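The values are calculated or read from the model by the stated rules, or taken from the named source; none is laboratory data. Computed from a prediction, not measured in an experiment: that's the story for all the values here. Using ideal geometry, Cβ is built from the backbone for each residue, glycine included, and neighbour counts are taken over all protein chains shown. Surface accessibility is based on the protein's heavy atoms, side chains included, excluding ligands, DNA and RNA. Shrake-Rupley method; radii C 1.70, N 1.55, O 1.52, S 1.80 Å.
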Amino acid sequence: MNDNTTIITTEQQHTSGLYPKRGVALVRGAGARLYDAAGRAYIDCVGGQGAANLGHCHPAIVAAIQAQATTLLNCPEIFYNDQRAAYLQELAAVLPMPARIFLCNSGAEAVEAALKFARLLTGRQQVIATMRGFHGRTMGALSATWEPKYREPFAPLVPGFSHVAYGDVAALEAAVNEQTAAVLLEPVQGEGGVRPAPAGYLDAARRICAAHGALLLVDEVQTGFGRTGRLFAVEHSGVQPDLLILAKSIAAGLPMGAVAIHERHGSLPGGAHGTTFGGGPLLCAVARAALRVYQEERIPQQAVEKGAWLLQRLRELNLRGVREVRGQGLLVGLELKQRVQPVLQSLLERGLLALPAGPNVLRLLPPLIIGYDDLDAVAVLLQEVLGEPSPPTPA
Ligand SMILES: *Cc1c(COP(=O)(O)O)cnc(C)c1O
């Protein structure tokens with residue numbers, strides 16, 4: 001199984017078919033580069049869809065996996081464990097609020113847990129999420145997700161959810177009341193088109209929730225662990241969520257999620273929730289190594305500097321096919337004047353892997369350790385594909 005065609009046809013034959021796939025078989029990674037089975041290199045601006053903030057095969061992550069693999073792989077949370085104890089302590093020390101922590105295995109699972117915790121802690125049922133928000137694909141997370149094409153085939157969803165326009169303080173004010181258990185939002189909408197919250201929005205959400213006894217749930221699955229230029233995006237505003245939802249890059253590319261619960265809510269009742277694999281020693285050891293790298297290599301600061309450099313470079317290029325360049329840190333979106341899929345294909349053919357964020361937004365999520373030479377190559381390739389006049393749109 002060592003050539004692209006064999007890998008692709010074999011997968012096509014046996015896969016569920018759920019994923020619209022790109023015609024490339026990736027078999028190896030190093031830093032911000034990925035390689036296909038023929039040895040061709042690609043610059044990675046997919047970044048594991050947000051899970052690879054430290055790039056591929058970072059030596060500190062590889063070493064942590066190897067060491068823990070020969071020590072203990074599995075240890076359910078009904079027992080105590082050295083790696084888990086250390087990770088909980090180390091994560092708590094860097095969270096934006098004093099908190100207790102629930103560990104799980106993915107973003108959607110962390111969102112599910114947070115929704116259950118919000119109902120448990122408030123005794124209320126209603127959840128207010130945002131238009132264009134994305135929170136995952138399981139039934140509860142999907143109920144909070146906005147995109148109709150993700151939701152509609154699976155109705156009826158969980159009752160009690162409604163959506164307000166993102167960034168609209170008045171709409172939030174009007175929606176939240178004494179029945180509201182939670183307001184759930186992203187500090188920057190990722191999947192929904194790379195849309196940073198307007199200044200003051202998170203503060204307003206915090207104030208409105210507090211006034212009505214509702215909990216503020218912040219989904220940092222995509223924005224967390226350095227992506228926007230702080231370890232957590234809420235640090236830009238200083239807002240303290242009641243529940244902070246984490247996953248994607250928490251364990252540098254391995255599956256893990258977490259919910260931080262503000263200390264004011266105390267500990268949760270025993271038996272109210274749980275998961276077999278949550279808080280396992282391998283993932284805790286890896287997440288510890290990742291957290292050390294985020295701090296020692298000043299990864300959030302790298303995202304600040306590289307993000308500012310890339311945004312400026314892209315804006316200066318003034319690409320003909322681009323309506324707007326926006327983002328925070330190294331979460332960058334280019335709103336195109338055309339559909340994004342053919343552009344992604346042209347970029348892939350030129351050796352650049354990137355993501356969509358809705359039908360006409362190109363999203364760049366490079367590993368935060370990417371070099372300036374690669375970032376410059378990204379700009380050059382975007383210019384090749386998007387600097388040309390866009391085809392005339394039919395009247
Ligand atoms: C990716 C994502 C999720 C879902 O995470 P999964 O691990 O894919 O379940 C939830 N919220 C946000 C903001 C995300 O970007």
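How many Å² of accessible area per residue for the chain, probe 1.4 Å? Mind showing how you got there, number by number?
Working: 17540 Å² over 395 residues.
That works out to 44 Å² for each residue.
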Among the aspartates and glutamates, which fall within straight-line cross-link reach of LYS149, defined as a Cα-Cα distance under 15 Å, with same-chain neighbours fewer than 8 residues apart omitted?
GLU191
The simple spin-label model distance between TYR372 and GLU297, using points 7 Å out along Cα→Cβ, in nm, is 1.8 nm
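Under a Cβ-only charge scheme (Lys and Arg +1, Asp and Glu -1), can you give me the dipole magnitude of the chain about the Cα centre, in debye to the nearest 20? The partial results should precede the final answer.
Values: 34 positive and 34 negative charges, 59 e Å.
So the magnitude is around 280 debye.
Roughly speaking, what is the stretch gain from GLN312 to TYR19, that is 0.36 nm per residue apart minus the C-alpha to C-alpha distance, in nm to one decimal?
Working: separation 293, 0.36 × 293 = 105.48 nm, distance 3.37 nm.
Length gained between GLN312 and TYR19: 102.1 nm.
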Spin-label model distance (nm) - ASN2 vs ARG40, 7 Å beyond Cα toward Cβ
2.0 nm
How about LYS306: which lysines have a C-alpha closer than 28 Å to its C-alpha, ignoring those fewer than 8 places off in the same chain?
LYS248, LYS337
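Compute the normalised compactness of segment 100-231: alpha-carbon radius of gyration over 2.2 N^0.38 Å, N being the residue count.
Working: Rg = 13.8 Å, N = 132, 2.2 N^0.38 = 14.1 Å.
Relative to the 2.2 N^0.38 Å estimate, segment 100-231 comes out at 0.98.
Is the C-alpha gyration tensor of the chain telling us rounded, prolate or oblate? Criteria: a/c under 1.5 is rounded; beyond that, a/b larger than b/c is prolate, otherwise oblate. Write down the numbers at each step before the final one.
On the way: a/c = 1.61, a/b = 1.21, b/c = 1.33.
Oblate, because a/c is 1.5 or more while a/b does not exceed b/c.
Looking only at the chain, where both bridge partners belong to it, what percent of the DSSP beta bridges are antiparallel (to the nearest 5)?
Here the antiparallel bridges make up roughly 65 percent for the chain.
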With -39,500 (n - 2.57) per DSSP H segment of 4 or more residues and division by the full residue count of the chain, the 222 nm estimate, nearest 500 deg cm²/dmol, is -11000 deg cm²/dmol
Aspartates and glutamates within cross-link reach of LYS21: Cα-Cα under 13 Å, excluding same-chain residues under 8 positions apart?
GLU11
Any residue on another chain or 5+ positions along whose placed amide H is under 5 Å from the amide H of LEU215 is listed here as ALA182, VAL183
Gain in span if fully extended, ALA379 to ALA171, counting 0.36 nm per residue against the direct Cα distance:
71.1 nm
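Can you sort ARG326, ARG207 by solvent-accessible area, 1.4 Å probe, largest first? List each step's numbers first, then the result.
On the way: ARG326 25, ARG207 125 Å².
Accessible-area ranking of ARG326, ARG207, largest first: ARG207, ARG326.
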Volume per residue, Å³, of the convex hull around the alpha-carbon atoms of segment 1-160?
197 Å³
Taking the alpha-carbon centre of each part, the distance from segment 78-111 to segment 144-203 in Å is 26 Å
